[in-house]
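Below is one structure, written out as structure tokens, with a few remarks after it.
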Amino acid sequence: MTTGYSPSEMMVVAASRALSSDDVCFVGIGAPSAACNLARLTHAPGISLVYESGTIDTRPDVLPLSIGDGELCATALTTVPVAEMFQYWLQGGRITIGFLGAAQLDRFANINTTVIGSYDRPTVRLPGGGGAPEIASACQETYVIARHTPRVLVGMLDFVTSFGHGEGGDHRRRLGLTTRGPSLVVTDLCMLRPDDETKELTVVSLHEGVDPADVEEATGWPVRFAPGVERTPSPTDDELTVLRDLHRRTELAHGGPA
Amino acid sequence: MATIVPLQEAIATTVADGDTVAMEGFTHLIPFAAGHEIIRQGRRELTLVRMTPDLVYDQLIGAGCASKLVFSWGGNPGVGSLHRLRDAVEHDWPGPLELEEHSHAAMANAYWAGAAGLPFAPLRGYVGSDLRDVNPRIAEVTCPFTGESLAAVPALRPDVAIIHAQRADRDGNVLLEGIVGVQKEAVLAAARAVVTVEEIVDDLAAPSPNSIVLPRWAVDAVAVVPGGARPSYTSGYYDRDNAFYRAWDDISRDRDRFTAWIAEHVRREAP
């Protein structure tokens, strides 16, 4: 692996590049928030970031620890009640990109953030769906960012919290969904997109220093590669500087490293 | 009609064992002091309703106040798990905790329906989600005009809503601003409403005609509790104590350490 940046920095940078100034993006906390703000501070200054706490067009100087930090409200164009956020702005179809994280993800980009094990007697009780089930259905399309391990990219989900492409093919349309659903998954090893027909996630770009075998080993299903897999351009000096400054400001503001 | 009373009295006169209690505040304005008063008063068998249980419900659950939780996202934001919530769900400690689990959109809509006096809320939601299979209170309705199939959830109508706000005037009119979450809806959906405030002022001085103001006749009890939202925050008064949210991960991980913390910081101390 090329020295000079970490796999998770590559992941956040690659995700940020998928966003544009024209997007209205519904942002999840954690890595999605880092990617969205990196985009805003580099190539997509016009992007509108929306957080489920009701903050619209927010321009935080530090990354929020929680989805409703004061920083988000203080730097927002406006802050609306949470019911309005979900009713008018999300369900009303105003959001172009929903940006989600995932505890577990399957080959059709369905997401589990509810339980590991059975629902009634879970091995691990995860936080739950929050805004994600409707972000996954109401945004024009969704991007997912996740760490690439066999425990995250699994063969079979324990629970479908947020619907991606279901069982693949036209499953979304059969359920009456008119939005595109997950169109990009960015991990710390590669980028995947759903196949046009089957909707199965397919590796389209490998990050610098990553071999196909690394991805195969870290994926809980026999992962497919697109013909002519690309090489993800490494982070530029500018991208890394802005991202690291953002994390440094955030650590200072939150009283120490996460 | 609002009466201005001490916190102890506000909770004692509104919250009874077995009640359904909604303490709202979305990251911001979480009514911690009121939650701690409920623990001190030893309330039991509560159904706790809250979109994001947060540390306040982790504490109430670990202290044995709750038998059921209605929620949509139960983590320590940006930090990890709520260990007391997990211990109750995974190991029945200190007792079993029944879950009614929703999405944020459904909870917000359910409060909205409660405030609007409707029996249920329709939403375009839960499509393809297994939450439908584990929560029998998520149903399906057909639009009588278009035939579209929609999700439906019953209105939330708590016995008591408890919120924290910036200030009230001497008549008990309440102003809240910043990230305002679902507090207005929760108050209007509930049979009784308690508001803790940072201060009582002569003139509410609402910053805009469109400010969120709860008239005194929509509120039952107002209690002055400076710092009543700590370790969450009150915009214009103090910031979120993110370091405490991080520290809670360790404090709450162990049953004994948690119980000692509650004994020292909640049961012993009255505001």
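The values are calculated or read from the model by the stated rules, or taken from the named source; none is laboratory data. Keep in mind that this is a model prediction, so the values were computed, not measured. Note that each Cβ is placed from the backbone with ideal geometry, even for glycine, and that neighbours are counted across all protein chains shown. For accessibility, only protein heavy atoms count, side chains too; no ligands or nucleic acids. Shrake-Rupley method; radii C 1.70, N 1.55, O 1.52, S 1.80 Å.
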Practice prompt. Would you please give the residues with an amide H less than 5 Å from that of A:LEU126, counting only those at least 5 places away or on a separate chain, with H modeled from the backbone geometry?
Written response: A:VAL115, A:ILE116
Discussion item. What Kirkwood Rh does the stretch B:136-271 have if only Cα atoms enter the pairwise 1/r average? Answer in Å.
Written reply: 17.8
Practice prompt. For the stretch A:133-254, list log₁₀ I(q)/I(0) at each q in 0.10, 0.18, 0.21 Å⁻¹, using the Debye formula over Cα point scatterers of equal strength and ignoring solvent, two decimals each.
Written response: -0.39, -1.04, -1.22
Worksheet item: What is the diffusion coefficient of the stretch A:7-253 in µm²/s, taking the Kirkwood radius over Cα pairs and the Stokes-Einstein relation at 4 °C with a viscosity of 1.567 mPa s?
Response: 71
Worksheet entry | the protein assembly as shown - percent of accessible surface contributed by carbon and sulfur, probe 1.4 Å | 50
Item to complete: State in Å² the accessible area per residue of the stretch A:45-94; use a 1.4 Å probe, count heavy atoms of protein chains only, and round to the nearest integer.
Response: 34
Worksheet entry | Compactness of the protein assembly as shown as Cα Rg over 2.2 N^0.38 Å, two decimals | 0.95
Worksheet entry | Length released on extending from B:ALA116 to B:PHE244, taking residue separation times 0.36 nm less the Cα-Cα span | 42.4 nm
Fill in: Taking the C-alpha atoms of the stretch B:1-53, convex hull volume expressed per residue in Å³
94
Worksheet item: Per residue of A:44-54, how many C-beta atoms from partner chains lie within 10 Å of its own C-beta, taken as a mean?
Response: 2
Discussion item. Can you give me the long-range amide H partners of B:GLY227? Hydrogens built in the peptide plane at 1.01 Å from N, cutoff under 5 Å, separation of 5 or more residues or another chain.
Written reply: none
Discussion item. Can you compute the FRET efficiency between A:ARG121 and B:MET1 using 1/(1 + (r/R0)^6), with r the Cβ-Cβ distance and R0 = 41 Å? Round to the nearest 0.05.
Written reply: 0.30
Discussion item. Give me the net charge for the shell around A:LEU206: Cβ to Cβ below 14 angstrom, other residues only, Lys and Arg +1, Asp and Glu -1.
Written reply: -4
Worksheet item: Stretch B:ASP202-B:GLU98 to full length: gain in nm at 0.36 nm per residue minus the Cα-Cα span?
Response: 33.0 nm
Worksheet item: What list of ³J(HN,Hα) values in whole Hz, one per residue of the stretch A:178-186 in order, does the Karplus curve 6.51 cos²θ - 1.76 cosθ + 1.60 (θ = phi - 60°) give from phi, with Gly and Pro shown as x?
Response: 10, 7, 6, x, x, 10, 7, 10, 10
Worksheet, complete the sentence: Output ordering of B:147-155, A:96-104, A:184-192, A:80-88 (per-residue mean of other Cβ within 10 Å, highest first) is A:184-192, A:96-104, A:80-88, B:147-155
Worksheet, complete the sentence: Output row A,B: buried area (accessible, probe 1.4 Å, summed both chains) in Å², nearest hundred, equals 3700
Worksheet item: Label point 7 Å out from A:ASP195 along Cα-to-Cβ: which residues of the stretch A:222-239 have amide N under 20 Å?
Response: A:222-230
Worksheet entry | Where the Cα pairs of the stretch A:183-258 fall when distances are cut into 5 Å bins, in % | 3, 14, 19, 17, 13, 11, 12, 7, 3, 0
Practice prompt. For A:SER205, list long-range residues whose amide hydrogen, built 1.01 Å from N in the peptide plane, is under 5 Å from its own amide hydrogen.
Written response: A:MET191, A:GLU230
Discussion item. As a test, work out the antiparallel percent of DSSP beta bridges whose residues both lie in the protein assembly as shown, rounded to the nearest 5.
Written reply: 40
Worksheet entry | Residues losing 30 Å² or more accessible surface upon assembly, the stretch A:115-154, compared with the chain by itself, 1.4 Å | A:TYR119, A:ARG121, A:PRO122, A:ARG125, A:PRO127, A:GLY130, A:PRO133, A:GLU134
Response to the item:
For the stretch B:77-84, in residue order, the Karplus 3J(HN,Hα) values (coefficients 6.51, -1.76, 1.60; θ = phi - 60°; whole Hz; Gly and Pro = x) are x, x, 10, x, 7, 8, 5, 5
Discussion item. Let me cross-check B:HIS164: its accessible surface, 1.4 Å probe, with only protein heavy atoms counted, in Å² to the nearest 10?
Written reply: 0
Worksheet item: Of all DSSP beta bridges in the stretch A:7-253, what percent run antiparallel (nearest 5)?
Response: 45
Fill in: Among A:194-206, B:130-142, the order from most to least packed when residues are scored by Cβ within 10 Å on average
A:194-206, B:130-142
Item to complete: Would you kindly derive the ³J(HN,Hα) couplings of the stretch A:54-70 from the backbone phi angles with the Karplus curve 6.51 cos²θ - 1.76 cosθ + 1.60 (θ = phi - 60°), listing them in order in whole Hz, with x for Gly and Pro?
Response: x, 7, 10, 6, 8, 10, x, 7, 10, 6, x, 6, 10, 5, x, 4, x
Worksheet entry | the stretch A:145-258 - share of DSSP beta bridges that are antiparallel (%, nearest 5) | 55
Worksheet item: How large are Rg and Dmax for chain B when only the alpha carbon atoms are used, in Å?
Response: 18.3, 59
